[in-house]
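Participant: Got a structure here, written out as structure tokens. Questions coming.
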Amino acid sequence: MASYAYTANTSTASASANIATDKIRIATSNVGIQYTTSFPNVAITGTVTCATTSPNVTGSGTLFNTQLNVGAWLGNTTGTTVGIIASIANNTSLTLTANAAVAISAANTRYNPFGVAYNVANANSEMIPPNTVNNSIIVGQGNIVSYLSTAGANSLFTITELGAPHDDTGTSGVNATPALGGPTGV
């Protein structure tokens, strides 16, 4: 079992590194957290260009046909939503369900095949109160935990991987190590 320490804050959702097992334990300290589990946002091959006045996205060196899918979330490298994919014409041209939410000019982007950004949302997240251990959180190997503090202070908590990894990770990308935490062995 590997255990990692993280720090949650109230202003910006953060995400764990990819989880190596299907099940985890989260233990909070003096401040609770709000969390959700999801597939990580993954960098796409090539660069894209889009404008907020159009739903059209153009790629350069991209593999839209093989890497993306209709309904997938598309975002910039900071995790801001660009849009949801409505159709894919070829490897360098796709259309969003609405005009792009942010403009991108020949820059790298990220995607999530399930159409959901990793940021914590009230509608699909759960709370763990202060000084609590939750031993039965199903994540899915290779996925991530996104989190926020529930109070006005930073919250230290740990994620412990339960069980053993298996060959099928279920993901095709790796999330970068978060700025405010793990994985650092505890």
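Participant: What single numbered condition from (1) in contact with a strand residue (DSSP E or B) (Cβ under 6 Å, 6 or more places away or on another chain); (2) under 30 Å from Ile137 (Cβ atoms); (3) among the hydroxyl-bearing types (Ser, Thr, Tyr); (4) loosely packed, with under 14 Cβ neighbours inside 10 Å fails to hold for Thr80?
Facilitator: (1)
Participant: For residues that are of a type outside the set (Val, Ile, Thr) and crowded, with 20+ Cβ neighbours inside 10 Å, scanning just segment 40-53, find the one that is farthest from the chain's Cα centre (by Cα). Let's see the steps before the verdict.
Facilitator: Going residue by residue through segment 40-53, those that are of a type outside the set (Val, Ile, Thr) are 40-41, 43, 46, 50-51.
Imposing the further condition that a residue be crowded, with 20+ Cβ neighbours inside 10 Å reduces the set to 40-41, 50.
On the way: Pro40: 4, Asn41: 5, Cys50: 22 Å.
Ranking the qualifying residues of segment 40-53, first place goes to Cys50.
Participant: Would you please name the residue that is modelled with the lowest pLDDT, looking only at residues in segment 93-114 that are assigned to a loop (DSSP other than H, G, I, E, B) and within 18 Å of Cys50 (Cα to Cα)?
Facilitator: Restricting attention to segment 93-114, the residues satisfying the condition of being assigned to a loop (DSSP other than H, G, I, E, B) are 97-103, 108, 113-114.
Checking the rest, the ones that are also within 18 Å of Cys50 (Cα to Cα) come to 97-103, 108.
Values: Thr97: 94, Ala98: 95, Asn99: 97, Ala100: 95, Ala101: 94, Val102: 94, Ala103: 95, Asn108: 91.
Applying the filter and picking the extreme gives Asn108.
Participant: Can you pull out every residue in segment 117-147 that is outside any loop (DSSP other than H, G, I, E, B), closer than 17 Å to Ile24 by Cβ and at pLDDT below 85? Write out each step before concluding.
Facilitator: Kept after step one, since they are outside any loop (DSSP other than H, G, I, E, B), are these residues of segment 117-147: 122-124, 126-128, 133-138, 144-147.
Remaining after also requiring closer than 17 Å to Ile24 by Cβ: 126-128, 133-138, 144-147.
Across segment 117-147, the qualifying residues are Ile144, Ser146.
Participant: While we're looking at this one, here's another question. Determine, yes or no, whether Pro55 is within 17 Å of Ser146 (Cβ to Cβ) and not charged (D, E, K, R).
Facilitator: Numbers: within 17 Å of Ser146 (Cβ to Cβ): no; not charged (D, E, K, R): yes.
No, not satisfied.
Participant: Only one of these is farther than 30 Å from Ala151 by Cα and either touching a residue at least 40 places away in the same chain (Cβ under 8 Å) or assigned to a strand (DSSP E or B) (or both): Gly71, Gly75. Name it. Walk me through how you get there before you give the answer.
Facilitator: On the way: Gly75 fails: farther than 30 Å from Ala151 by Cα.
Going through Gly71, Gly75 in turn, the sole match is Gly71.
Participant: Right, next: Return yes or no: is Gln67 in the same structural domain as Ala20 (by TED's automatic domain parsing), under 20 Å from the mean Cα position of the chain (by Cα) and surrounded by 14 or more Cβ atoms within 10 Å (Cβ to Cβ)?
Facilitator: Details: in the same structural domain as Ala20 (by TED's automatic domain parsing): no; under 20 Å from the mean Cα position of the chain (by Cα): yes; surrounded by 14 or more Cβ atoms within 10 Å (Cβ to Cβ): yes.
For Gln67, the condition - in the same structural domain as Ala20 (by TED's automatic domain parsing), under 20 Å from the mean Cα position of the chain (by Cα) and surrounded by 14 or more Cβ atoms within 10 Å (Cβ to Cβ) - is not met.
Participant: Oh, and also: Filter segment 66-92 for residues that are under 22 Å from Thr12 (Cα atoms), touching a Pro at 6+ places or on another chain (Cβ under 9 Å) and modelled with pLDDT of 90 or more and give the result.
Facilitator: Gly83
The values are calculated or read from the model by the stated rules, or taken from the named source; none is laboratory data. Nothing here was measured: the structure is a model prediction, and the numbers come from that model. Methodologically, a virtual Cβ is constructed for each residue, glycine included, from the backbone with ideal geometry; neighbour enumeration extends over all protein chains shown.
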